[in-house]
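The values are calculated or read from the model by the stated rules, or taken from the named source; none is laboratory data. Source: prediction; values computed, not measured. Counting neighbours? That spans all protein chains shown, and the Cβs are built from the backbone with ideal geometry, glycine included.
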């Protein structure tokens, strides 16, 4: 009896059955993984469009709710300090879109950083954004040696583009 | 002190324990001691191993060492293993917290906010590790049919789900000041949420099934299938456009940041292993209680599966 209590599949027939269950589970798992990894789901499921995708979509982009992702073009930011009326350009390798946004951007927002904006393309030719998200890359660097790191310096640094040339994509 | 003759099982579990401790020591040495010596003593203790090899040794040494340690515990009355793990975990977490809060410089763009990385990333690694334990336990339960694996699986899933929940909270706290939002349905965040709910579902399944044999088999099968989401979470940032950044590696993270990151990773690893052992003991006691009345047991086993 103690043998049964310590071993739920004590009989050979039962163990064969649980091993079959294991093989079955593995088969289901492997098929699911293959379908997701190799089945092109990453082509059909898109989190955001790049400016190139947006231009390629043509008329479909107007009025539809869209996420647009890309880099903030250097020198294109206007009205950063204001509560509204922020404007900037978003680009990828081959396309560029002008974005108008309301609200205060996150502190990390600056030139050359990745952004994902939610909104819609207008007939006037700009992207009206109602949600602005900043996307940073996987680089985490200590400040250069001897750089003063008091709070004010830090704040200035976070809004500047210093040191970005080596980290921009 | 009375001499107690060792049974073969005890000898084997002692050997397993020794191997596990050796692997964990190697992982800590390669992962943390080498970095500490390099940073503060300017001494090269890396034994000439390249960085990529060292990273792999630290990761797999920790993973396999912890699995062997879990497997070698008898889930009995003695809590010496649990106490040992808790003690080691506290040391690492104190070290990691001190370095993370007071020694490592602020990140050049994110500033002080970036320090949350020192808990967020170790939580993510260890959460996926806990679910990997659960996956291994599910296979061993179905293959070997020992209740020990059922108990360890329940413990691992529960600890993994708690770590996953903490991961999302920490991530949200980090995301608000950097991304500008608490949460968005980007591929990494969505697949992580799916992972947590899938394993939460398996815990619910275990509560609903009264027959221990069916419960063990069904939840093992479900664990193997749900585990598919773990590699998907890992690769999500490469397969899809996402808001979440790609995985970092030692080349994209400055060296002063490595010490708190790795000290906390080992701290959470030991803490997690201790919690899994404690939680598995509870599961085992419950199981013994359920299996206790012999007449019922035979009837249950007869109609099981």
* Unique residue being within 14 Å of chain B (Cβ to nearest Cβ), under 21 Å from residue B:245 (Cα atoms) and out of contact with any helix residue (DSSP H, G or I) (no Cβ under 9 Å at 6 or more places or on another chain) when the list is A:72, A:46 -> A:72
* **Subset of the stretch A:43-68 (residues that are under 13 Å from residue A:95 (Cα atoms) and surrounded by 14 or more Cβ atoms within 10 Å (Cβ to Cβ))** => A:49, A:50, A:51, A:52, A:53, A:54, A:55, A:57, A:68
* For residue B:137, are the conditions met, namely being under 27 Å from residue B:193 (Cβ atoms) and in contact (Cβ under 8 Å) with a residue 12 or more places away in the chain? -> yes
* To do: Identify all residues within the stretch A:53-89 that are part of a strand (DSSP E or B) and without any contact (Cβ under 8 Å) to a residue 12 or more places away in the chain; write none if there are none.
  => A:78
* Asked: In this structure, is residue B:185 outside any helix (DSSP H, G or I) and surrounded by fewer than 23 Cβ atoms within 10 Å (Cβ to Cβ)?
  -> yes
* Asked: How many residues are over 21 Å from the mean Cα position of the chain (by Cα) and within 13 Å of chain A (Cβ to nearest Cβ) when one looks only at the stretch B:191-208?
  -> 0
* **Among (1) within 9 Å of chain A (Cβ to nearest Cβ); (2) over 18 Å from the mean Cα position of the chain (by Cα), the one test that residue B:232 misses** => (2)
* Asked: What about residue A:131, is it exposed (fewer than 15 other Cβ atoms within 10 Å of the Cβ) and at pLDDT 85 or above?
  -> no
* **Number of the condition not met by residue B:111 [criteria: (1) free of Cβ contacts under 8 Å to residues at least 40 places away in the same chain; (2) on the phi < 0 side of the Ramachandran plot; (3) within 14 Å of chain A (Cβ to nearest Cβ)]** => (2)
* Residue count, the stretch A:24-40 (criterion: facing chain B (nearest Cβ under 9 Å) and touching a helix residue (DSSP H, G or I) at 6+ places or on another chain (Cβ under 9 Å)) -> 9
* To do: Check off (1) under 23 Å from residue B:238 (Cβ atoms); (2) touching a strand residue (DSSP E or B) at 6+ places or on another chain (Cβ under 8 Å) for residue A:57 and give me the number that stays unchecked.
  => (1)
* With respect to residue B:83, is the statement that it is more than 11 Å from every other protein chain (Cβ to nearest Cβ), more than 24 Å from residue B:40 (Cβ to Cβ) and surrounded by fewer than 18 Cβ atoms within 10 Å (Cβ to Cβ) true? -> yes
* With respect to residue B:100, determine if the residue is without any contact (Cβ under 8 Å) to a residue 24 or more places away in the chain, buried (at least 20 other Cβ atoms within 10 Å of the Cβ) and under 28 Å from residue B:254 (Cα atoms). => no
* Among the residues of the stretch A:98-114, write down those that are assigned to a strand (DSSP E or B) and either modelled with pLDDT under 85 or facing another protein chain (nearest Cβ under 9 Å) (or both). => A:102, A:114
